[in-house]
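Participant: Here it is: the structure, laid out below.
The values are calculated or read from the model by the stated rules, or taken from the named source; none is laboratory data. Bear in mind the structure is a predicted one, so any value in this text is a computation, not a measurement. Glycine gets a Cβ as well: all are built from the backbone with ideal geometry, and neighbour counts include every protein chain shown. To get the accessible areas, we keep the full protein, side chains included, count just its heavy atoms, and leave off ligands, DNA and RNA. Shrake-Rupley method; radii C 1.70, N 1.55, O 1.52, S 1.80 Å.
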Amino acid sequence: MGHVGPYVQLRPLAGGREWDADPGHLRRLTPAELLSALVAQANARSRQPR
């Protein structure tokens, strides 16, 4: 996550194109949202060939 001018730049956890967001419209993840994102990321890693 970066900061340019009045906006915050966000990027998906799995990588990809970043986008600008108004800081006034952001909030922290709930514990359930964070856990869900981390599990999805771990599952995606487990499906990749070694």
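Participant: Taking 0.36 nm per residue of sequence separation and subtracting the Cα-Cα distance, how much length would be gained by fully extending the chain between Ala40 and Trp19, in nm to one decimal? Don't skip to the answer; put the middle values down first.
Facilitator: Working: separation 21, 0.36 × 21 = 7.56 nm, distance 2.10 nm.
Result for the pair: 5.5 nm of gain on full extension.
Participant: Evaluate the charge dipole of the chain about its Cα centre and quote only its size in Debye, nearest 20, assuming +1 on the Cβ of each Lys and Arg and -1 on the Cβ of each Asp and Glu.
Facilitator: On the way: 7 positive and 4 negative charges, 71 e Å.
For this selection, approximately 340 debye.
Participant: Could you look at the chain and say what percent of its accessible area is carbon and sulfur, using a 1.4 Å probe and all protein chains? Intermediate results must be reported in sequence, preceding the final value.
Facilitator: Details: 2630 of 4590 Å².
Accessible surface attributable to carbon and sulfur in the chain totals 57 percent.
Participant: Might you tell me the accessible area per residue for the chain, computed with a 1.4 Å probe and given in Å²? Don't skip to the answer; put the middle values down first.
Facilitator: Details: 4590 Å² over 50 residues.
Roughly 92 Å² per residue, with all protein chains present.
Participant: Something else: If one takes the longest principal axis of the Cα atoms in the chain, at what angle in degrees, from 0 to 90 and to the nearest 10, does the Cα axis of helix 31-47 lie?
Facilitator: Roughly 50 degrees, rounded to the nearest 10.
Participant: Now a separate question. So, how do all the Cα-to-Cα distances of the chain break down into 10 Å bins, in percent, from 0 on up?
Facilitator: Reading the bins upward from 0: 22, 40, 29, 9, 0.
Participant: Sticking with this structure for a sec: Based on DSSP H runs of at least 4 residues, each adding -39500 (n - 2.57), what is the mean residue ellipticity at 222 nm of the chain after dividing by all its residues, to the nearest 500 deg cm²/dmol?
Facilitator: Numbers: 1 runs with 17 residues, N = 50.
It comes out at -11500 deg cm²/dmol, rounded to the nearest 500.
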